[in-house]
Each structure stands twice: as structure tokens, then as C-alpha cells.
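*Asks:* First, the structure itself, so that you have it in front of you.
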Amino acid sequence: MSSKKIGRNEPCPCGSLKKYKHCCFHKLGNVKNIPVIDTAEQIKLIFNSAFQNHQGGQLSQAEALYQQVLAQQANHVDALHLLGLIYHQSNRTTLGLALIEKAISISPDYAMYNNLANILREQKNYSAAIKAYQQSIALNPNYAEAYNNLGVAYLDTHEYSLALEYLYKSIALKPDYAEAYSNIGNVYQAEYKLELAISFYQQAIGLNDNNPDFYNNLGTILKKLTRYDKALLSYKKSLDLQPNSAKTHHNIAEVLANQKRVAEAIVHYQLALMYQPDNRDALGSLFYIRQYCCDWTDYAIHKDQVISTIESGTEGYKPLSFLAVSDSALLQQRCAEDFVGAYYQQIPKYTHSCGDNSPRKIKLAYVSADFRDHAVSVLMVELFERHDRERFEVIAISLRPGTESSLSIRVKQAFDQFIDVNDKSDAEVAELIYTLHIGIAIDLMGHTANSRSSLFAYRPAPIQINYLGYPGTTGLNALDYIIADEFVIPHEHQSFYTEKVVYLPDCFQVNDSKRFMPKGDLKRVNYGLSESSFVFCSFNNSYKVTPEMFTIWLRLLKAVPHSVLWLFADNALVEKNQKQFAVIAGIDPERLIFANKVTYQEYLARYQLADLCLDTLPFNAGTTASDALWVGLPIITCAGEAFAARMAGSLLNAIGLPELVTKDLNSYEALALKLATQPDLLAAIRAKLTQNRPFYSLFDTQRFCFHIEKAYEAIWWRFQQGLEPESFSVELGEQYCA
């Protein structure tokens, strides 16, 4: 090997293309004779330096050095593979995949296949990822990591039995493989086998108590089981290991919110956003919880941020929360479709054949977690009872255990079969619906609490309907129809709904004509109300109250002497924040009266103590509006664009009081003021309401049942004829024509 003297400003002979004095391979010192290195040794030196930089997280330096290697040896397998990983890490995934695939084509290697599969899985290209994991295993049947990763890919595609098969193989090969135990817990969580999931998360923690994800996973299960204190302990252990984790702060905030510890929850949502400013879910949750406690600090700014996230088309914002943000039907649709996103598209679908015209009953399955003391059951129980058993078999699929209240018992007795599926996975529930030969499955939940919309993505029934529980489009293509009327969804708005629209002739909302009617024996004094006051009321949930609506209400207090505003508050911050807002507006905060949660019977009776009910926008009253009308209390509303912003208007039309529906907030305020200051006019409205109630459609359950059964039969006929779902109107029955 020859040698020569190298100057400080000459190229370094190691092949790094740097001047000798700057080369990373040599320490600066006295220039001296060094050996000239041949090409193979140069490449080896450069590659080793690249690898060291890569391991040390110096990706740009490593990238440049891998490129130098490839410039001299284009088929250097390890450089191709590792540069491909760097490209992936720096969001140049297409380039990265190409390099890794080239490396594999030159020299197939089980680790390369595994890395290729990981990238493909991140891209949601699950079929290609699964194939690559299988190739990795074929090259090395003892590669536990590939079995684990293949199991996770099958979890992603909802193939739970295959996921468990490969995850159990991974721990058979590597008994101390903590990540695999945690992933098995994830599968059992997806299958709603929650106690089993807990045991595997605990085993993972036993093997490695320094992994924050294990504690996070355990906390999530405990949260689902409403074991909130234990969930917090698990999340806080995760946070000890990873204090800057936006995900963990968000999870802690969710538990605190469920515990009504609103102020603490807000702090953790804010921390989640501080550590991850683009965390859309945390942004939406923070905005929602501020609405919930009526903290309207910088409301307009935060509202614009939320709307911008929907407009940008990124996934994650909860559709139910967005109903109280904007009444844009287009944005609500976009929010729902982004929320269901690619997740539901991966679910395998059942197939159904049409053309069976043999006479048989249509099997209806109503699917809900709310067959208990809940607004959905309050409204629907008589419909369940009245369905014509000569034409329909009526089955309840209960997603949550019921209670032993009188309403729950009545609901349960109303069905031909009442099936509790609380402990079954979505796949198992879908299989049950399929094997029962359900003709029409009705989702009574949409995106409300405890819903499981993903089970409908399996398409277990040939016809699937979105009804009542969620006042908007689900964004889920697997739901064929939404039940509505021509007021809540005008014909020109059909394009804003993923489902086709079934128009009932009267009103979208069913009611129970047998519900409790209070006797009017409550006294105002028992609720902090003066007999001489004019009482405006709104018992809508606090998150529906916007600062714009509240400002209008305060102006009404200022304009109507001796008036008070009676509101619902289930947490102390609502009262505190609304009173502070009133003080700023120059209104005595003592004119705000707050009602707490009581029994349903007392809640209904309280309405009789008020003079006028005020609705909210963009999220109208639904059940609370029909409750007020049932006991004879008029409600005024402002109709917006989307379903949720038009509910109360539909109810008022169905009770014969369209004059209480306004088209803008100025008209809404003017009408409220007019009714509050003209006693004779208000008395006439109340008298009309009392007169109309027995004769108009809103509380005529038999009439509603007749029309929705006609809708079900028309839908079923279309399916039997092989026709695609299409929007249509149900004609008013002759017996109900004037």
C-alpha cells in the first residue's frame, strides 16, 4: 500500500468528498503521510460513519453519507435499505419504499421485509403489508417481531382471530415479548373482552414497566369500564414515564371530564395542545368542554380554529360536538365522513341477495345503548309497543346493560326479543344480526355516547337506517337511509347527507302518547322563582348555549322588567361563568336561576312553572322541545340549515304552531320580546297549544307508527326488487287527511 503527503485543503482519501481538514473521519492535527485507501475500504468507512450517524439520530448527515456510498456502489444493499428508512422517517415515503424494494430485489432479507411492511402498514396499505410480513416470516420462521407485526396488521383489518393467532406465536417464540402481550390486549379490547384485555396489559407491564404505552392502554380499558380513579392512576404512571405526551394528557382530560372535574380537564387538554399543537381531537375536546361549562373566553377564535380543521379535511373531530359549533350542513357532513374515514372501509362486508318475494314478516332490529332512562327510550317506547306483529318482528339489540327502572322494563317488554350484546365485539354483534336474518337494522345512536357505528360497517343487514338518536348524517356509507321530514331536511339539502332521505309526512320525531303528564302541583318558591316574575327558561344541555344566544337572552332580561332566566346546570362552572357573563353585560346575576338534575317526572313538571321556553342555535332542542310542548309550554326557535338546527321547528309545525319558528336571530329576539310583553298574545298561544295537542300529529303515536311502517315496507320492497336506495316521500294515510 503506497502513501503520500495530504494537504489540509486537499480531498480526503477516505472518499467522503470533503477536504481533509473538515473530514469527519480524521481528527485535525499535523498533516502527515497517510495510506491511500482502496475503493472497497473507502465505501466501508463511509457506510460505517453513516450508520453511526443514523444510530445517533443525525439523519441528514447519515443521508448524505449513504448517498456517497450509493454513488460509488449503486447496489449496496444495506445503504439502499437504511437510506430508504431515512426517507420514510423524513416523510419521503415513496422514495423510501422504492429503495427498500430495490434492496430486497438484490438480496431478500427478513428484516428488510419487516421494515417494508411497517411502512406499508403506516400507509394503510394493509394487504401489501401483510404479504411483506409473511415473506419476512418465510425467510425466518423464528422472527418473533414479524409475527407480532403481522398480528397488529390483522388487528387493523378487524381480523381478530388471525391477529391473535400470530400474536400468540410471537410470545411462544419470545416469552418475554412485552409489546406482543400489549397487542393481544388491544385485540381483546377491540373484541369487548375487557377483563381479558386488562390481564394482558398487566402482563406487559410486568415484563416492562418502563413503557408508557402499556399504562395508556390499561387506562383506556379502565375508562371504558368507568373505573375512573384507576384509569387516572394508570394514565399518571404513563405520564411519569413520558411527561410531554399529548396523548396521555388528552386521555387524563377525558377521564376528568367524565368525572365532571371540568377545570382540571381543561388544564390537561391545554397541555395536550401545547405538546402537539396540531392535535385536532384535543382542540375539539377543549372547545367542547369550554362550551359545556360556558367558558366563552376567546370563543370566536377557538370556533374559527375548529371550523378550519373541518375545512382542511383532517380526521378526528367528533361529529356530535360539531353540531353545536356550526349549522352548516356541508361542514357537518364533511366532519362525519372524515371521522369515520378509512377505519370503517377496512371492515369486511356481509353480502345479501334480493328477490325473495315469499310472504314473511319483515324483521326489524333496533340497535342502541339507550334502552334505559334516556331520551331515545322516552320518545320511542310506544312505537316499539305498537308495531304491527302481523307484518313485523321487532328485536332489540342492546349495546349496554339496562336498568330496572319502570321505563327500562317497559321498553324491554315491548320487543319480541331483547338481546343484550354488551360483552360482544362489533364483529360478533354483526354476525348475530346476520344470522337472525334481520331485514332492516335501525341505528338509534349515530355518533352519540356509547355508540358502535362500526358494527354497521360490516353490513349485517341488507337495509340499514340512521334514526333519531343522532340528528345529522353519520357519514357512513353502510347506512342507507335517514328518517326525516321536509322541514328538517329540505329537498335541496339532500346532497349534504350520506344517507338517502326518507320523508315522513308529519314529523321526524316519534313521541310516547302515554308519557307522564304532571298535575301542576309544584310551587315556584321551591325553585327560587318569584310568583310575580316572568320566567324565561331553557333546559337544553349547557354545551348547546353559545355566547351569541346567551347575549340575546340577557338583552331580553334587560328589556322585560321583573323577568328571570331559568337554566339547567349540571356543573358549578356553568353557573359561575354565566353569572360572570351577566355581570359584564350589566345584568344582576341573581336574575339567573339554575336547575339541577331531578327525576324525569319532576323535570317535566318544572316546565309548568315557566312562561316561555327559549331554544338554542345551532343545536336545537329535540326531546326537551317536545317535553315543553307536552306540558303546554310554548317554545320559540330559530331555524338554521342543518338537521340539528331545524328540529324544534319541525316539532312546532307538527303541533300547529309555525308562528313560533323564526328564520334569523333578530326575528327570534323580537318574537320573544313580543310574547314576554304582551300577556294576551302569550295566553292565546298557550291556549292554542293546549287545544292542538290532542289533535295534531306530534303526539299521535299510532299515526307515526302507521307512516314509519309504510316507510319500512317501501324500503324493503325496493331491496327485494334489486333497486338501489333512493330518497322518497311517504304519502299521508287517507285516514289522516283533513
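The values are calculated or read from the model by the stated rules, or taken from the named source; none is laboratory data. Owing to the predicted nature of the structure, the values given are computational and were not obtained by experimental measurement. Glycine also receives a Cβ, built like all others from the backbone with ideal geometry; neighbour counts cover every protein chain displayed. For the accessible areas, the whole protein counts, side chains as well, though only heavy atoms, and no ligand, DNA or RNA atoms are used. Shrake-Rupley method; radii C 1.70, N 1.55, O 1.52, S 1.80 Å.
*Asks:* Computing the accessible area with a 1.4 Å probe over protein heavy atoms, can you report the carbon and sulfur percentage for the stretch 629-685?
*Replies:* Of the solvent-accessible surface of the stretch 629-685, carbon and sulfur hold 55 percent.
*Asks:* A further question follows. Between the stretch 391-459 and the stretch 85-107, how many Å separate their Cα centres?
*Replies:* Taking the Cα centre of each part, the stretch 391-459 and the stretch 85-107 sit 47 Å apart.
*Asks:* Here's another thing I want to ask about it. With every protein chain present, what is the per residue accessible area of the stretch 143-198 (1.4 Å probe, Å²)?
*Replies:* For the stretch 143-198, the per-residue accessible area is 34 Å².
*Asks:* Sticking with this one: Angle, helix 144-156 long axis vs. longest principal axis of the chain, Cα atoms, 0 to 90°, nearest 10?
*Replies:* It is inclined by approximately 30 degrees.
*Asks:* Taking GluC sites (Glu not before Pro) as exposed when DSSP calls them loop (any state but H, G, I, E, B) and at most 10 other Cβ atoms lie within 10 Å, what is the longest stretch of the chain free of them, the sites themselves excluded?
*Replies:* Values: sites that count: Glu390, Glu404, Glu531.
Counting at most 10 other Cβ atoms within 10 Å as exposed, the longest clean stretch of the chain is 1-389.
*Asks:* Then there's this: Dividing the convex hull volume of the Cα atoms of the stretch 133-223 by its residue count, what figure in Å³ per residue is obtained?
*Replies:* Working: hull volume 7.4 nm³, N = 91.
Hull volume over Cα atoms, normalised by residue count, gives 82 Å³.
*Asks:* Another one. Can you give me the long-range amide H partners of Thr616? Hydrogens built in the peptide plane at 1.01 Å from N, cutoff under 5 Å, separation of 5 or more residues or another chain.
*Replies:* Under 5 Å from the amide H of Thr616: Ala621.
*Asks:* Per residue, how much accessible area does the stretch 479-617 have with a 1.4 Å probe, in Å²? Walk me through the intermediate numbers first.
*Replies:* On the way: 5580 Å² over 139 residues.
Result: 40 Å² of accessible area for each residue.
*Asks:* Hand me the trypsin sites (Lys or Arg not before Pro) from the stretch 658-718 located in a DSSP loop with no more than 12 other Cβ atoms within 10 Å, in residue order please.
*Replies:* On the way: sites: Lys663, Lys674, Arg686, Lys688, Arg703, Lys710, Arg718; in loops: Lys663.
Hits after loop and neighbour filter: Lys663.
*Asks:* Next question, about the same structure. At q = 0.11, 0.20 Å⁻¹, what log₁₀ I(q)/I(0) does a Debye calculation on the Cα points of the stretch 232-356 give, no solvent, two decimals?
*Replies:* Values returned for q = 0.11, 0.20 Å⁻¹ are -0.45, -1.13.
*Asks:* Excluding residues fewer than 8 places away in the same chain, name every one of the aspartates and glutamates whose C-alpha is closer than 16 Å to that of Lys579.
*Replies:* Hits, sequence-local ones excluded: Asp295, Glu548, Asp570, Asp588, Glu590.
*Asks:* If you wrap a convex hull around the C-alpha atoms of the chain and split its volume per residue, what is the figure in Å³?
*Replies:* Numbers: hull volume 147.6 nm³, N = 738.
Expressed per residue, the convex hull around the Cα atoms of the chain is 200 Å³.
*Asks:* Looking at Asn666, Ile130, Gln678, which one has the Cα that reaches farthest to the positive end of the dipole of the chain (charges on Cβ: Lys, Arg +1; Asp, Glu -1)?
*Replies:* Going by the Cα projections, it comes out as Ile130.
*Asks:* Choose one of Met380, Ile655, Gln89: the residue whose Cα lies farthest towards the positive end of the charge dipole of the chain (beta-carbon charges +1 Lys, Arg; -1 Asp, Glu; about the Cα centre).
*Replies:* Positive-end residue among those listed: Gln89.
*Asks:* Taking the Cα centre of the stretch 310-428 as origin, work out the dipole magnitude from +1 charges on Lys and Arg Cβ and -1 charges on Asp and Glu Cβ, in debye rounded to 20. Present the calculation step by step, with values, prior to reporting the outcome.
*Replies:* Working: 14 positive and 19 negative charges, 64 e Å.
Charge dipole of the stretch 310-428: 300 debye, to the nearest 20.
*Asks:* May I pose another question? Can you pull the three principal axis extents for the Cα set of the stretch 495-622, in Å, largest first?
*Replies:* Largest first, the stretch 495-622 extends 49, 38, 27 Å along its Cα principal axes.
*Asks:* How much of the accessible area of the stretch 344-489, in percent, comes from carbon and sulfur atoms when a 1.4 Å probe is used?
*Replies:* Working: 2410 of 5270 Å².
With neighbouring chains kept in place, the figure for the stretch 344-489 is 46 percent.
*Asks:* Further question on the same structure: What angle do you read, to the nearest 10 degrees and between 0 and 90, between the alpha-carbon axis of helix 228-241 and the longest principal axis of the chain?
*Replies:* 30 degrees
*Asks:* On a 0 to 90° scale, report how tilted helix 426-435 is relative to the longest principal axis of the chain, with both axes built from alpha carbons and the result rounded to the nearest 10.
*Replies:* 60 degrees
*Asks:* Gain in length, Ala111 to Gln123, computed as 0.36 nm per residue apart minus the alpha-carbon separation, to one decimal in nm?
*Replies:* Numbers: separation 12, 0.36 × 12 = 4.32 nm, distance 1.87 nm.
The span from Ala111 to Gln123 would gain 2.4 nm if fully extended.
*Asks:* Still on this structure, I have one more. Read phi for every residue in the stretch 653-664 and hand back ³J(HN,Hα) as whole Hz from Karplus 6.51 cos²θ - 1.76 cosθ + 1.60, θ = phi - 60°, with x for Gly and Pro.
*Replies:* These are the phi-based 3J(HN,Hα) values: 4, 6, 9, x, 10, x, 5, 8, 9, 10, 9, 8 Hz.
*Asks:* Follow-up. Over the alpha-carbon set of the stretch 591-738, divide Rg by the Kirkwood Rh and report the Rg/Rh ratio to two decimals. Don't skip to the answer; put the middle values down first.
*Replies:* On the way: Rg = 18.1 Å, Rh = 17.3 Å.
Here Rg/Rh amounts to 1.05.
*Asks:* Distance cut-off 20 Å, Cα to Cα: go down the list Lys544/Lys576; Lys124/Lys169; Lys361/Lys514 and report the pairs above it. Write down the numbers at each step before the final one.
*Replies:* Details: Lys544/Lys576 17 Å; Lys124/Lys169 24 Å; Lys361/Lys514 27 Å.
Violating the 20 Å Cα-Cα cut-off are Lys124/Lys169; Lys361/Lys514.
*Asks:* Ratio of Rg to Rh for the stretch 467-543, alpha carbon only, Kirkwood?
*Replies:* Numbers: Rg = 19.2 Å, Rh = 16.3 Å.
That ratio equals 1.17.
*Asks:* Given H placed on each backbone N at 1.01 Å, which residues far from Thr662 in sequence or on other chains put an amide H within less than 5 Å of it?
*Replies:* Excluding prolines and chain starts, which carry no amide H, the hits are Thr637, Cys638, Ala639.
*Asks:* On average, how much accessible surface per residue is there in the stretch 627-738, in Å², for a 1.4 Å probe, leaving out ligands, DNA and RNA?
*Replies:* Working: 4770 Å² over 112 residues.
Accessible area per residue, the stretch 627-738: 43 Å².
*Asks:* When we measure straight from the Cα of Lys674, which aspartates and glutamates land under 14 angstrom away, once same-chain ones fewer than 8 places off are left out?
*Replies:* Of all the aspartates and glutamates, those that pass the test against Lys674 - Cα under 14 Å, at least 8 places apart if same chain - are Asp611, Glu659.
*Asks:* With unit charges on the beta carbon (Lys/Arg positive, Asp/Glu negative), name the residue among Gln417, Ser530, Pro462 whose Cα is farthest towards the positive pole of the charge dipole of the chain.
*Replies:* The residue sitting farthest along the positive end of the dipole is Ser530.
*Asks:* Okay, moving on. What percent antiparallel are the DSSP beta bridges of the chain, to the nearest 5?
*Replies:* On the way: 4 of 46 bridges.
Expressed as a percentage, antiparallel bridges in the chain total about 10.
*Asks:* What dipole magnitude, in Debye to the nearest 20, does the chain give about its Cα centre under +1 on Lys/Arg Cβ and -1 on Asp/Glu Cβ? The partial results should precede the final answer.
*Replies:* On the way: 68 positive and 78 negative charges, 404 e Å.
So the magnitude is around 1940 debye.
*Asks:* Also: Less than 16 Å apart at the alpha-carbon level, and either on another chain or at least 8 residues along: which aspartates and glutamates does that give for Lys349?
*Replies:* Filter leaves Asp156, Glu159, Asp426, Glu428, Glu431, Asp480.
*Asks:* Determine the share of the stretch 140-228's accessible area contributed by carbon and sulfur atoms, expressed in whole percent, with a 1.4 angstrom probe. Write down the numbers at each step before the final one.
*Replies:* Details: 1710 of 3490 Å².
The nonpolar share, carbon plus sulfur, comes to 49 percent.
*Asks:* Follow-up question, since we're still on this one. Evaluate the charge dipole of the stretch 630-712 about its Cα centre and quote only its size in Debye, nearest 20, assuming +1 on the Cβ of each Lys and Arg and -1 on the Cβ of each Asp and Glu.
*Replies:* Values: 8 positive and 7 negative charges, 39 e Å.
Magnitude of the dipole: close to 180 debye.
*Asks:* What is the mean projected area of the alpha carbon convex hull for the stretch 55-194, to one decimal in square nanometres?
*Replies:* Values: hull surface 35.8 nm².
Averaging across all directions leaves 8.9 nm² for the Cα convex hull.
*Asks:* If you project the alpha carbons of the stretch 391-530 onto their three principal axes, what span does each projection cover, largest first, in Å?
*Replies:* 55, 42, 31
*Asks:* Evaluated at 10 °C with a viscosity of 1.306 mPa s, what Stokes-Einstein diffusion coefficient in µm²/s does the stretch 61-139 have when Rh comes from the Kirkwood expression over alpha-carbon pairs? Let's see the in-between values first.
*Replies:* On the way: Rh = 12.4 Å.
Approximately 128 µm²/s, per Stokes-Einstein.
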